[in-house]
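See below for the structure under consideration.
The values are calculated or read from the model by the stated rules, or taken from the named source; none is laboratory data. Everything quoted here is computed from the prediction, not taken from an experiment. Cβ placement follows ideal geometry from the backbone for every residue including glycine, while neighbour counts extend to all protein chains displayed. What goes into the accessible areas is simple: the full protein's heavy atoms, side chains included, and nothing from ligands, DNA or RNA. Shrake-Rupley method; radii C 1.70, N 1.55, O 1.52, S 1.80 Å.
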Amino acid sequence: MALLATKTGSPNVTRRSIAARPCSAAPVRLARPGRKHVGIHAMAAATAEEAELRKQLTNLDRVTILSEALPYLQRFRGKTVVVKYGGAAMKDPTLKAGVITDLVLLSCVGIRCVLVHGGGPEINSWLAKVGIQAVFKNGLRVTDAATMEIVEMVLGGRVNKSLVSLIQQAGGKAVGLTGKDGQLLRARQMVELDIGYVGEVTKVDPTILNVLGNDSYIPVVATIATDTAGQALNINADTAAGEIAAALKAEKLVLMTDVPGVLRDKNDLSTKIQSLDIRQCRELIADGIIAGGMIPKIECCIRCLSQGVKASHIIDGRAKHSILMELLTDEGVGTMITG
């Protein structure tokens, strides 16, 4: 099976096949190092590595990178990008600062961003504080009534509002939501799995997201939904992000994970596959190359592509400025999946 070596194809959804350029410096150049930030320490000062890199860049380097990013900025201006945020990138303050500045930059140049987040480690921490044991079944959190209260409190409160605050400290505009707000996410309880108040999305009403996006706000969505009786349900963040992207007919769905993308050999990072289509994804699943926890992520990408999303991306949230690297360079840093 022949897999694409570069992210080429239709200009509406993929990268142009132009000469490669050194992309490791791109996000630093795009991040406008002179911009003043306040808030957590990681957002107030650059890392030593980034500071040293800036010293090596000439003014010509900086404007060259900006000019080379222009086609992507023009292509995506006014389009919607849904980013699912979770994993290690939520725990490391420096990585968190990078994600926030990436989103603010994209928003400032007219790209409509929606941030959908999880918060598993924070939930586990608070469950331990109140003496509740975290239990998982087939990779899903068993969510009884007491656990659901903590999940809703942590996701919709502490985690959600801290992200809103960080975006605003970085110069952006953000509004925090849960799936309850504006009936954004309706769901049914997955009773057949016997894992408590865990749901699957049955309906998305993106009205509130469109209203906020029209006024240049970044919606920050915690994945709590309600059923027809008003019961709160815990929703997998990848699934929620995919359904939201589909409802918005988004240009891009970006899933931030703790792996570099789809690997032919999970023990060899050099085997990362840059681009796939749906047929190739199915073949890799059948061959056992895509396996384990990557399968539901791929299935999420396929579902949203079949509903009108132009492209899905699986990227490593542990890589600095990985969102900008994936969207604004030819090579990208993860795996792009198209229909």
Just checking, which of Gly119, Gly131, Gly98, Gly87 is over 18 Å from the mean Cα position of the chain (by Cα) and not aromatic (Phe, Trp, Tyr)? Gly131
Look through Lys96, Lys79 and report the one residue that is open to solvent by 30 Å² or more (accessible area, probe 1.4 Å) and closer than 15 Å to Leu163 by Cβ. Lys96
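For every residue, the table says whether it meets (1) in contact with a Ser or Thr (Cβ under 8 Å, 6 or more places away or on another chain); (2) under 20 Å from Ala246 (Cβ atoms).
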residue	(1), (2)
Leu127	yes, no
Met148	no, no
Gly157	no, no
Glu192	no, no
Tyr197	yes, no
Asp205	no, yes
Filter segment 306-316 down to residues that are over 14 Å from the mean Cα position of the chain (by Cα) and closer than 17 Å to Val114 by Cα and give me whichever is modelled with the lowest pLDDT. Gly308
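For (1) over 19 Å from Lys79 (Cα atoms); (2) of a type outside the set (Asp, Glu); (3) part of a strand (DSSP E or B), each residue gets a yes or a no:
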position	(1), (2), (3)
Lys297	yes, yes, no
Cys300	yes, yes, no
Cys304	no, yes, no
Val309	no, yes, no
Arg318	yes, yes, no
Glu331	yes, no, no
Met336	no, yes, yes
Does Arg188 qualify as being basic (Lys, Arg) and open to solvent by less than 30 Å² (accessible area, probe 1.4 Å)? no
Scan of segment 105-145 for residues that are assigned to a strand (DSSP E or B), modelled with pLDDT of 90 or more and open to solvent by 20 Å² or more (accessible area, probe 1.4 Å), ordered by number: Arg112
State yes or no: is Met148 crowded, with 19+ Cβ neighbours inside 10 Å and more than 22 Å from Met256 (Cβ to Cβ)? yes
The number of residues in segment 210-233 that are in a loop (DSSP other than H, G, I, E, B) and touching a residue at least 60 places away in the same chain (Cβ under 8 Å) is 2
Tell me the residue from Leu184, Leu193 that is under 20 Å from the mean Cα position of the chain (by Cα) and not polar (S, T, N, Q), please. Leu184
Does Ala245 meet the test of being crowded, with 23+ Cβ neighbours inside 10 Å, of a type in the set (A, V, I, L, M) and in a loop (DSSP other than H, G, I, E, B)? no
Gly213: under 20 Å from Asn138 (Cα atoms), of a type outside the set (S, T, N, Q), surrounded by fewer than 21 Cβ atoms within 10 Å (Cβ to Cβ) and out of contact with any helix residue (DSSP H, G or I) (no Cβ under 8 Å at 6 or more places or on another chain), yes or no? no
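Yes/no matrix, rows are residues, columns are (1) surrounded by 14 or more Cβ atoms within 10 Å (Cβ to Cβ); (2) within 16 Å of Lys180 (Cα to Cα); (3) under 18 Å from the mean Cα position of the chain (by Cα):
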{"position": "Ala237", "(1), (2), (3)": "yes, yes, yes"}
{"position": "Leu276", "(1), (2), (3)": "yes, no, no"}
{"position": "Gln280", "(1), (2), (3)": "yes, no, no"}
{"position": "Leu284", "(1), (2), (3)": "yes, no, no"}
{"position": "Gly292", "(1), (2), (3)": "no, no, no"}
Among (1) surrounded by fewer than 24 Cβ atoms within 10 Å (Cβ to Cβ); (2) modelled with pLDDT of 90 or more - the single one Ala319 does not satisfy: (2)
Of the conditions (1) modelled with pLDDT under 90; (2) of a type in the set (Gly, Ala, Ser); (3) open to solvent by less than 50 Å² (accessible area, probe 1.4 Å), Ala45 fails just one. Which one is it? (3)
Take the conditions closer than 17 Å to Gly242 by Cα and not small (Gly, Ala, Ser) and apply them to Arg303. Does it pass? yes
Would you pick out the residues in segment 250-274 that are assigned to a helix (DSSP H, G or I) and either of a type outside the set (A, V, I, L, M, F, W, C) or open to solvent by less than 50 Å² (accessible area, probe 1.4 Å) (or both)? Ser270, Thr271
